[in-house]
1. Does at least one position in segment 15-32 carry a residue that is small (Gly, Ala, Ser), surrounded by 14 or more Cβ atoms within 10 Å (Cβ to Cβ) and under 19 Å from Ala106 (Cα atoms)?
2. Is there any pair linking a residue in segment 18-47 that is among the aliphatic types (A, V, I, L, M) to one that is in a helix (DSSP H, G or I), with Cβ under 7 Å and at least six apart or on different chains, and which?
3. Might you let me know whether segment 20-37 holds any residue that is of a type in the set (Ser, Thr, Tyr), part of a loop (DSSP other than H, G, I, E, B) and either modelled with pLDDT of 90 or more or touching a helix residue (DSSP H, G or I) at 6+ places or on another chain (Cβ under 8 Å) (or both)?
4. Quick one: how many residues across segment 77-108 are more than 17 Å from Leu14 (Cβ to Cβ), part of a loop (DSSP other than H, G, I, E, B) and either at pLDDT 85 or above or not β-branched (Val, Ile, Thr) (or both)?
5. In segment 63-87, which residues are among the hydrophobic types (A, V, I, L, M, F, W, C) and free of Cβ contacts under 8 Å to residues at least 12 places away in the same chain?
6. All but one of (1) modelled with pLDDT under 90; (2) out of contact with any helix residue (DSSP H, G or I) (no Cβ under 8 Å at 6 or more places or on another chain) hold for Asp49; state the number of the condition that does not hold.
Amino acid sequence: MNEPVSPGPRNGILSLTIKDKSVLYAAYMPFIKNGGLFIPTNKSYRLGDEVFMLLSLMDEPEKIPVAGKVIWMTPKGAQGNRAAGVGVQFNEGDSSARNQIETHLAGTLKSDRPTHTM
């Protein structure tokens, strides 16, 4: 009777608008299975939290709905002046966000430029 109740989705829907290719490059995590994005936020999350985001890319008129889970956290005040936020791994079976991101980043994914996570 005293079983812990699993919390539902935390902090509602994340919204991310990326209008610049260099910002998209810095946020995208191609090294993660299924792909992922770093989302700057000061909200508190835990590893494994399920999240839902609406992603606006460049000048595309439609927002891309993306479900995923938190796999990376950069706390506020992290070393190296890194932005606070979370890394979200895209759910398996939904490759539309990854495909659109990689289309925008064609030719830059192998770059040595630093990102928010590496």
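The values are calculated or read from the model by the stated rules, or taken from the named source; none is laboratory data. Only a predicted model underlies this, so the values are computations on that prediction, with no experimental measurement involved. Cβ atoms come from the backbone with ideal geometry, glycine included; neighbour counts cover every protein chain shown.
1. yes
2. Ile18/Leu24; Ile18/Ala27; Leu24/Ile101; Leu24/His104; Leu37/Ala27
3. no
4. Counting residues in segment 77-108 that are more than 17 Å from Leu14 (Cβ to Cβ), part of a loop (DSSP other than H, G, I, E, B) and either at pLDDT 85 or above or not β-branched (Val, Ile, Thr) (or both) gives 9.
5. Residue satisfying the conditions is Ala78 alone.
6. For Asp49, the exception is condition (1).
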